[in-house]
Amino acid sequence: MQGSNRLVLAHFGAAFAALALAIPLGAWQMLVRSPLHQWVDPQRYYAAVTAHGSTLAYIFPTLIAMGFGYAVCAVSLGRPMHGKRLAWASLCLVVGGAVIALATVAAGKATVLYTFYPPLLASAWYYLGILTAVAGSWIWVGLMVSHFRRWKRDHRGLPVPLAMFATTAAALLWAWTSLGVGSEIIFLILPNAFGWTAAMDPGLARILFSWTLHAIVYFWLMPAYIALYVLLPQAAGGRLYSDMMGRIAFLQLLVFSMPIGLHHLFVDPQIGAGFKFLHAVFTGMVAVPTLLTIFTICASLEIAGRLRGGRGVFGWVAALPWDRPLVLASGLSLLMLGLGGAGGLINMSYAMNATVHNTQFVTAHFHLIFGGAVVIMYFAIAYELWPRLTGRSLPPKLMRMQLWTWFAGMLIVTLPWHVVGIMGQPRRMSYYDYSNPALAPQAVWVAMSAIGGFVLVFSTLLLVGMLLAAQRRPASAQAPLLFSLALRPPRRLPASLNGFGVWMLLVAALTVTNYGFPLAQALFMQRSAVAPYPVGTR
């Protein structure tokens with residue numbers, strides 16, 4: 001990563017600064033919703049929720065993906081990066097957009113949550129901030145695609161390294177899925193926020209946002225999966241079971257992630273039942289690349305465990321080097337992925353979705369998937385990169401403690417939420433009256449989840465403290481960053497597994513098939529627009 005260290009380090013530093021801001025806000029929200037705290041002004045509560053969600057949905061994972069992408073680009077392609085000035089400009093736009101959006105929220109002029117569903121309307125500055133951050137990330141997309149294409153041009157017929165192939169897939173997925181929220185802001189929300197239009201169409205806005213709403217989850221997931229494929233086997237002392245299986249999994253994520261967003265709108269009346277059913281089917285299909293990944297990673301870990309002397313059916317599990325932070329984080333991530341994925345099967349069900357969708361069950365599901373399975377892998381990526389970026393080592397015991405406390409805190413937060421969700425507790429509420437006999441049985445569970453929130457705050461402080469303290473340590477020689485070799489590295493690949501042309505055509509075709517008619521219908525429906533409802537704009 002020589003020559004790219006400062007760029008990667010700046011992205012990770014900004015990402016963890018954003019995390020350090022957002023996690024205490026989340027813990028405070030859990031506290032004020034619990035029986036451990038008195039009532040607070042809902043305006044203040046929803047401002048905190050908006051800041052927390054906007055930071056963790058749009059800013060933190062985007063910075064991680066960008067920084068890790070630059071590291072992958074520099075290492076896997078084996079040559080200096082080009083376009084570094086553009087990369088720095090991209091970072092400035094993302095951070096600048098985040099500052100604009102969060103400053104607007106802090107000023108009390110945006111309490112619309114990160115979903116900002118119309119007819120709720122915040123200050124135009126909030127949307128301009130989000131749009132600026134997204135536009136900045138598009139520069140990163142262009143740089144990843146450019147490096148991918150130049151390497152292929154200069155190495156005709158050779159397989160693009162898996163790490164770069166997967167990173168480019170992530171960039172293309174983000175480029176396509178972010179078009180939904182970008183279009184909603186540019187064509188619907190901003191004209192209304194500036195007073196150029198008198199009304200907005202909530203139905204059309206929700207369809208456009210659903211374009212982004214669930215596919216963004218797989219963009220969040222991509223860096224974690226890349227680390228599982230290209231960093232974990234090496235750290236465990238083995239080899240990747242199958243390079244080709246990894247490519248297939250990332251291509252399936254790219255294709256299946258788009259046409260699934262309408263499963264969040266199963267009760268919306270403006271969308272026909274047939275299209276809702278199509279999205280339910282594709283939501284089930286997106287489990288396939290995850291199952292392929294679990295198989296490939298478990299097979300890779302078994303190779304490592306048996307090379308380390310593991311015997312018997314499961315002896316290889318005990319033989320793995322669980323004292324290494326990346327190996328430990330991967331194991332904890334897969335456990336949370338399994339628990340969260342089981343809840344996802346309920347969310348995708350056409351029948352059961354309506355029962356749980358507006359309850360804390362859904363909040364628990366996406367926190368366990370993103371905050372748990374994904375973010376813990378972001379920590380592991382940072383632990384692999386940070387010493388190589390700074391030349392200063394991190395204490396292994398503290399790294400393991402931080403991973404364990406994050407895992408424990410996330411389970412303490414989300415498992416009670418699953419329970420109260422099944423009991424019917426609605427989400428997006430600022431206050432619950434636990435003296436009500438109907439809510440009283442939920443009190444102990446909510447109090448437990450609030451305690452878990454402060455465990456996560458401790459874990460975040462431990463992470464940030466370690467990274468800052470490392471800067472005072474004396475510099476030392478660090479091993480170079482190495483990516484895992486496959487058991488049988490491919491010498492040649494079919495064009496369809498070494499590029500994205502046919503797959504992007506398929507993505508476009510599936511998007512038109514699944515969104516074309518609902519969007520056209522919403523565009524031409526009569527009397528569907530309503531006046532905005534300004535919130536948090538005083």
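The values are calculated or read from the model by the stated rules, or taken from the named source; none is laboratory data. Since the model is a prediction, treat every value here as computed from it, not as a measurement. Neighbour counts run over all protein chains shown; Cβ positions are idealised from the backbone, glycine included.
Only residues that are free of Cβ contacts under 8 Å to residues at least 60 places away in the same chain and within 16 Å of the chain's Cα centre (by Cα): list them for the stretch 142-188, please.
Answer for the stretch 142-188, where residues must be free of Cβ contacts under 8 Å to residues at least 60 places away in the same chain and within 16 Å of the chain's Cα centre (by Cα): Ala175, Ser178, Val181.
Within the stretch 66-119, how many residues turn out to be among the polar types (S, T, N, Q) and out of contact with any Gly (no Cβ under 6 Å at 6 or more places or on another chain)? Let's see the steps before the verdict.
Of the residues in the stretch 66-119, the ones among the polar types (S, T, N, Q) are 76, 90, 104, 111, 115.
Those left that are additionally out of contact with any Gly (no Cβ under 6 Å at 6 or more places or on another chain): 76, 104, 115.
Total meeting the criteria: 3.
Would you mind finding the one in Gly69, Gly78 that is surrounded by fewer than 17 Cβ atoms within 10 Å (Cβ to Cβ) and closer than 30 Å to Asp154 by Cα?
Gly78
Just wondering, is there one or more residues in the stretch 315-322 that are at pLDDT 90 or above, aliphatic (A, V, I, L, M) and outside any helix (DSSP H, G or I)? Walk me through it before giving the result.
Just the residues of the stretch 315-322 that are at pLDDT 90 or above, to begin with: 315-322.
Now restrict to residues that are aliphatic (A, V, I, L, M): 317-320.
Within this subset, residues satisfying the condition of being outside any helix (DSSP H, G or I) are 320.
Yes, that holds for at least one residue.
I'd like to verify a number: residues in the stretch 307-332 that are in contact (Cβ under 8 Å) with a residue 24 or more places away in the chain and loosely packed, with under 15 Cβ neighbours inside 10 Å, how many? Break it down into steps so the answer makes sense when it comes.
Residues of the stretch 307-332 that are in contact (Cβ under 8 Å) with a residue 24 or more places away in the chain, as a first pass: 307-308, 320-321, 323-330, 332.
With the extra rule that they be loosely packed, with under 15 Cβ neighbours inside 10 Å, the set shrinks to 307, 321, 323.
The qualifying residues number 3.
Here is a check on your reading of the model: is Gly246 part of a helix (DSSP H, G or I) and either more than 30 Å from Ile185 (Cα to Cα) or acidic (Asp, Glu) (or both)? I'd like the intermediate steps shown before the answer.
Details: part of a helix (DSSP H, G or I): yes; either more than 30 Å from Ile185 (Cα to Cα) or acidic (Asp, Glu) (or both): yes.
Judged against the criteria, Gly246 is a match.
Given the criteria in contact with a His (Cβ under 7 Å, 6 or more places away or on another chain), on the phi < 0 side of the Ramachandran plot and hydroxyl-bearing (Ser, Thr, Tyr), does Ser242 qualify? Can you show your working first?
Working: in contact with a His (Cβ under 7 Å, 6 or more places away or on another chain): no; on the phi < 0 side of the Ramachandran plot: yes; hydroxyl-bearing (Ser, Thr, Tyr): yes.
No: the conditions fail for Ser242.
So for the stretch 274-291 (the condition being farther than 29 Å from Phe483 by Cβ, in a loop (DSSP other than H, G, I, E, B) and over 24 Å from the mean Cα position of the chain (by Cα)), does at least one residue qualify?
no
Tell me, which helices (runs of 4 or more DSSP H) wholly within the stretch 350-428 include 2 or more residues that are of a type in the set (A, V, I, L, M) and closer than 20 Å to Leu335 by Cβ? Let's see the steps before the verdict.
Details: elements: 353-356, 360-366, 375-390, 396-422.
Fully inside the stretch 350-428 and qualifying: 375-390, 396-422.
A quick yes/no check of all residues on (1) surrounded by fewer than 24 Cβ atoms within 10 Å (Cβ to Cβ); (2) farther than 16 Å from Ala57 by Cβ; (3) out of contact with any Pro (no Cβ under 6 Å at 6 or more places or on another chain):
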{"position": "Ala89", "(1), (2), (3)": "yes, yes, yes"}
{"position": "Pro118", "(1), (2), (3)": "yes, yes, no"}
{"position": "Gly136", "(1), (2), (3)": "yes, no, yes"}
{"position": "Leu158", "(1), (2), (3)": "yes, yes, yes"}
{"position": "Trp174", "(1), (2), (3)": "no, no, yes"}
{"position": "Phe187", "(1), (2), (3)": "yes, yes, yes"}
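Pairs only if they're at least six apart or on different chains, beta carbon under 7 angstrom, first in the stretch 460-471 and more than 14 Å from Ala18 (Cα to Cα) and at pLDDT below 95, second part of a helix (DSSP H, G or I) and among the β-branched types (Val, Ile, Thr); list them, first residue then second.
Note: pairs meeting the criteria are Ala470/Thr390; Gln471/Thr390.
Which one of these does Gly96 not meet: (1) within 20 Å of Ile186 (Cα to Cα); (2) buried (at least 17 other Cβ atoms within 10 Å of the Cβ)?
The single condition Gly96 does not satisfy is (2).
Residue check, Ala477 against (1) at pLDDT below 95; (2) farther than 27 Å from Arg6 by Cβ, all met but one. Which one?
Unmet condition: (2).
When you look at Tyr126, is it among the hydroxyl-bearing types (Ser, Thr, Tyr), at pLDDT 95 or above, within 22 Å of the chain's Cα centre (by Cα) and on the phi < 0 side of the Ramachandran plot, yes or no?
yes
Could you identify the single residue in Gly452, Gly424, Gly409, Gly391 that is closer than 26 Å to His37 by Cβ and at pLDDT below 95? Can you show your working first?
Numbers: Gly452 fails: at pLDDT below 95; Gly409 fails: at pLDDT below 95; Gly391 fails: closer than 26 Å to His37 by Cβ.
Unique residue meeting the criteria: Gly424.
May I ask you to list pairs of residues, at least six apart or on different chains, whose Cβ atoms are under 8 Å apart, with the first in the stretch 267-279 being touching a residue at least 12 places away in the same chain (Cβ under 8 Å) and the second being buried (at least 16 other Cβ atoms within 10 Å of the Cβ) and not in a helix (DSSP H, G or I)?
So the pair list comes out as Val267/His357; Gln270/Ser528; Ile271/Leu265; Lys276/Leu265; Lys276/Phe266; Leu278/Pro259; His279/Pro259; His279/Ile260.
Restricting to the stretch 497-518, and then to whatever is more than 12 Å from Val255 (Cα to Cα) and in contact with a helix residue (DSSP H, G or I) (Cβ under 6 Å, 6 or more places away or on another chain), can you tell me which residue is modelled with the highest pLDDT?
Here the residue is Leu497.
Between a first residue in the stretch 509-534 that is within 16 Å of Pro118 (Cβ to Cβ) and a second residue that is of a type in the set (Gly, Ala, Ser), which pairs have beta carbons less than 6 Å apart while being 6 or more apart in sequence or on different chains?
What qualifies is Ala522/Gly203; Ser528/Gly203; Ala529/Ala199; Val530/Ala199; Ala531/Ala199.
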